[in-house]
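Here is the structure we will look at, set down as structure tokens.
The values are calculated or read from the model by the stated rules, or taken from the named source; none is laboratory data. Note that this is a predicted model, so its numbers are computed, not measured. Cβ placement follows ideal geometry from the backbone for every residue including glycine, while neighbour counts extend to all protein chains displayed.
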Amino acid sequence: MNKAIFLMDDRKMKMDVVDMPKCGSNEVIIKMEYCGVCGSDVHNYQHGEPNFPDMYPFILGHECAGTITQTGESVTNLKPGDKVAVEPGITCGKCEWCKSGKYNLCPSVKFLSAPMYQGALRSYIAHPADLCFKLPDHISTMEGALIEPLAVGLNAAVKSGIRVGETAVVLGAGCIGLVTLLSLKAMGISDVTVVDLHTIRLEKAKELGATRVINASEVNVTEEIKKLTSGRGMDFVFETAGSKVTASQTVYLAKRGGTVMMIGNVVGETPLNFQLMVDKEIRIESTFRYRNIYPVAIALLSSGGIDIKSIITKVYNFEDVQEAFEDCINNAQSIVKAVIKIAE
């Protein structure tokens, strides 16, 4: 039986039964076991999507992993019983971005849980085998589901070009901020400052290896960074909060010749001091999702370089999906990562 959780309207969900997926020649059928709750899913749950007012009923979820139950006739690298982490974006493979290797920028991508492409909160899905990455025996599918958010932070850290011995400040201690922190630490970056407004999240950042934390509700962050660096600024600034305030702040925190990496989704136009950016010759980079990073993330988990379970706040049963989403809204300060257990 293929059970699915449908979003029927803003903050209204219902479990129903859908048809079992059919397996294409280059696809696999996956028994879904765990799915993380992403901020974008929470946004769609709470507000819908203005560009797709007719999206209901809709299935959310894209941070997922499970066990293969069937493989298509052309699939040779996977078999039933394999545990896999799912990369959720199905790209066209034909556009200039796909052909140049920047497939994460494909304008025709079909991304799980991005309207109008149904998500992973169901018992079984069909997915291209090339986007399913086998997990080592000692890595659980619960950990595998968190490869997706880890990929965002890891891709940003790698793309930034940061090197051992350089300093970093991460703005935001939510899920993406914390996986960026974990990625930087795994890459050997020993001096990482994390900034947030909430004590609970900052305590978590310290637990995960932040060198120091700054509570932006209590002090002037720019002045604190100046004090810490004797007025020099940080080598790298990673914006993960998705806030106009922190996005505008980045050029004040970076050193002369430093780098700003934009990761968070900042809605609307954001004021930026371009003259200061020019005076300091700051390099501004951005990253959208990830590309070619799942194998690296899995290798880090396998070797113990990153303990991804450490970001999980609570695991919810499949029938309690709506409770999980409500908790993510009502207890946003304390819930870093909610995970749905779809099946054993």
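Considering every residue within segment 282-299, establish whether at least one is outside the structural domain of residue 183 (by TED's automatic domain parsing), part of a loop (DSSP other than H, G, I, E, B), closer than 18 Å to residue 154 by Cβ and out of contact with any helix residue (DSSP H, G or I) (no Cβ under 6 Å at 6 or more places or on another chain). Looking for residues that are outside the structural domain of residue 183 (by TED's automatic domain parsing), part of a loop (DSSP other than H, G, I, E, B), closer than 18 Å to residue 154 by Cβ and out of contact with any helix residue (DSSP H, G or I) (no Cβ under 6 Å at 6 or more places or on another chain), one finds at least one in segment 282-299, hence yes.
Inside segment 1-57, can you point out the residues that are in a loop (DSSP other than H, G, I, E, B), more than 30 Å from residue 242 (Cβ to Cβ) and modelled with pLDDT of 95 or more? Can you show your working first?
Just the residues of segment 1-57 that are in a loop (DSSP other than H, G, I, E, B), to begin with: 1, 10-11, 19-26, 37-38, 48-57.
From the residues that got through so far, the ones that are more than 30 Å from residue 242 (Cβ to Cβ) too are 1, 19-26.
Once the filter is applied, which keeps residues that are in a loop (DSSP other than H, G, I, E, B), more than 30 Å from residue 242 (Cβ to Cβ) and modelled with pLDDT of 95 or more, segment 1-57 yields 19, 20, 21, 22, 23, 24, 25, 26.
Among the residues making up segment 143-169, those that are surrounded by fewer than 21 Cβ atoms within 10 Å (Cβ to Cβ) and among the small types (Gly, Ala, Ser) are 161, 165.
Determine whether residue 178 is touching a helix residue (DSSP H, G or I) at 6+ places or on another chain (Cβ under 7 Å), farther than 25 Å from residue 76 by Cβ and in contact (Cβ under 8 Å) with a residue 60 or more places away in the chain. Break it down into steps so the answer makes sense when it comes.
Details: touching a helix residue (DSSP H, G or I) at 6+ places or on another chain (Cβ under 7 Å): yes; farther than 25 Å from residue 76 by Cβ: yes; in contact (Cβ under 8 Å) with a residue 60 or more places away in the chain: yes.
Spelling it out, residue 178 is indeed touching a helix residue (DSSP H, G or I) at 6+ places or on another chain (Cβ under 7 Å), farther than 25 Å from residue 76 by Cβ and in contact (Cβ under 8 Å) with a residue 60 or more places away in the chain.
Please work out if residue 184 is farther than 19 Å from residue 224 by Cα and crowded, with 24+ Cβ neighbours inside 10 Å. Criteria met by residue 184. Scanning segment 303-343 for residues that are touching a residue at least 24 places away in the same chain (Cβ under 8 Å), buried (at least 16 other Cβ atoms within 10 Å of the Cβ), assigned to a loop (DSSP other than H, G, I, E, B) and of a type in the set (A, V, I, L, M) gives 306, 312, 336, 342. Going through (1) buried (at least 17 other Cβ atoms within 10 Å of the Cβ); (2) under 25 Å from the mean Cα position of the chain (by Cα); (3) of a type in the set (A, V, I, L, M, F, W, C) one by one, residue 288 falls short only on (1).
A single entry from 297, 247, 241, 254 fulfils the requirement of being in contact with a strand residue (DSSP E or B) (Cβ under 9 Å, 6 or more places away or on another chain), closer than 20 Å to residue 166 by Cβ and touching a residue at least 24 places away in the same chain (Cβ under 8 Å): 254.
Contact annotation: residue pairs with Cβ atoms under 8 Å, 6 or more positions apart or on different chains, pairing a residue in segment 188-205 that is assigned by TED's automatic domain parsing to the domain that holds residue 172 and surrounded by 14 or more Cβ atoms within 10 Å (Cβ to Cβ) with a partner that is part of a helix (DSSP H, G or I) and of a type in the set (Ser, Thr, Tyr), are 195/246. If only residues of segment 206-228 that are β-branched (Val, Ile, Thr) and in a loop (DSSP other than H, G, I, E, B) are counted, the one that is surrounded by the fewest Cβ atoms within 10 Å (Cβ to Cβ) is 219. Scanning segment 254-274 for residues that are surrounded by fewer than 19 Cβ atoms within 10 Å (Cβ to Cβ) and assigned to a strand (DSSP E or B) yields a total of 2.
Residues in segment 124-142 that are among the hydroxyl-bearing types (Ser, Thr, Tyr), more than 20 Å from the chain's Cα centre (by Cα) and surrounded by fewer than 21 Cβ atoms within 10 Å (Cβ to Cβ): there are none.
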